[in-house]
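The next block holds one structure in the form of structure tokens; read it before the comments.
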Amino acid sequence: MIIDAVIPLLAVHGRDLTSKQIAEAAGVAEGTIFRAFGDKDTLITAAIAHFLDPEPMRRELRAIDSGLDLHSKVLQIVTIMQRRFSDIFRIMALVGHERPPHRHQGQAFIDIIAEALAPDLENLNWPAPRIAHILRLVSFASAFPQLNDGVEFTPEELTIIVLHGIAGEPRHHPSTHPTESQN
């Protein structure tokens, strides 16, 4: 409960949040925080480690119905991953760069993507591990502010790029993204 209350505060205040703010957000007395964690820095470190845990994202990805059409599955994958990377970048910009606690998560991610795309794999141009890396790369790059120079891509646009490239014909033509019509 205390750890869950810290992440939204970190997103607003960075490491400058106070133990009073944490206690109010968690609905506990300040003394409870110090008894449970010793000090604010230990709590912040625990909250960041909890936030970086990949399992909640894995659960979301596992929940994707493999019976959906390919476009819908890829759209859900990209949406989940783009949101995850955006959240991580936002928090890390405020609290500093800490390495995620789970460095060897690649195979679990590949397995999840392979399962979601299993009905479609024989019709795709790449094997599941390569597709997983492509989806991760596209989602990561689109969520990293320094790479996109203010040009944002929606999950729908990224899905079309992944499925059809820049020369293929999508089944439907997406409307122009608002940032493009303003330029």
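Overview of results
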quantity: Count - residues of the stretch 53-87 that are surrounded by fewer than 17 Cβ atoms within 10 Å (Cβ to Cβ) and hydrophobic (A, V, I, L, M, F, W, C); calculated: 3
quantity: Flag for Ala132 being among the hydrophobic types (A, V, I, L, M, F, W, C), assigned by TED's automatic domain parsing to the domain that holds Gly165 and closer than 28 Å to Pro145 by Cβ; calculated: yes
quantity: Residues of the stretch 71-98 that turn out to be of a type in the set (S, T, N, Q) and either outside any helix (DSSP H, G or I) or in the same structural domain as Leu43 (by TED's automatic domain parsing) (or both), as a count; calculated: 0
quantity: Search result, residues across the stretch 143-163 that are of a type in the set (Gly, Ala, Ser) and either touching a strand residue (DSSP E or B) at 6+ places or on another chain (Cβ under 7 Å) or surrounded by 16 or more Cβ atoms within 10 Å (Cβ to Cβ) (or both); calculated: Ala143
quantity: Top-ranked residue in the stretch 35-63 [being touching a Leu at 6+ places or on another chain (Cβ under 9 Å) and hydrophobic (A, V, I, L, M, F, W, C); ranked as nearest to Gln107 (Cα to Cα)]; calculated: Phe51
quantity: Pair list, Cβ under 9 Å, 6 or more apart: the stretch 23-51 residue on the phi > 0 side of the Ramachandran plot, other residue at pLDDT below 90; calculated: Gly27/Met1; Gly27/Ala5
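The values are calculated or read from the model by the stated rules, or taken from the named source; none is laboratory data. Every value quoted in this text rests on a predicted model; they were computed, and no experiment measured them. For neighbour counting, all protein chains shown are included, and Cβ atoms are generated from backbone atoms with ideal geometry for every residue, glycine included.
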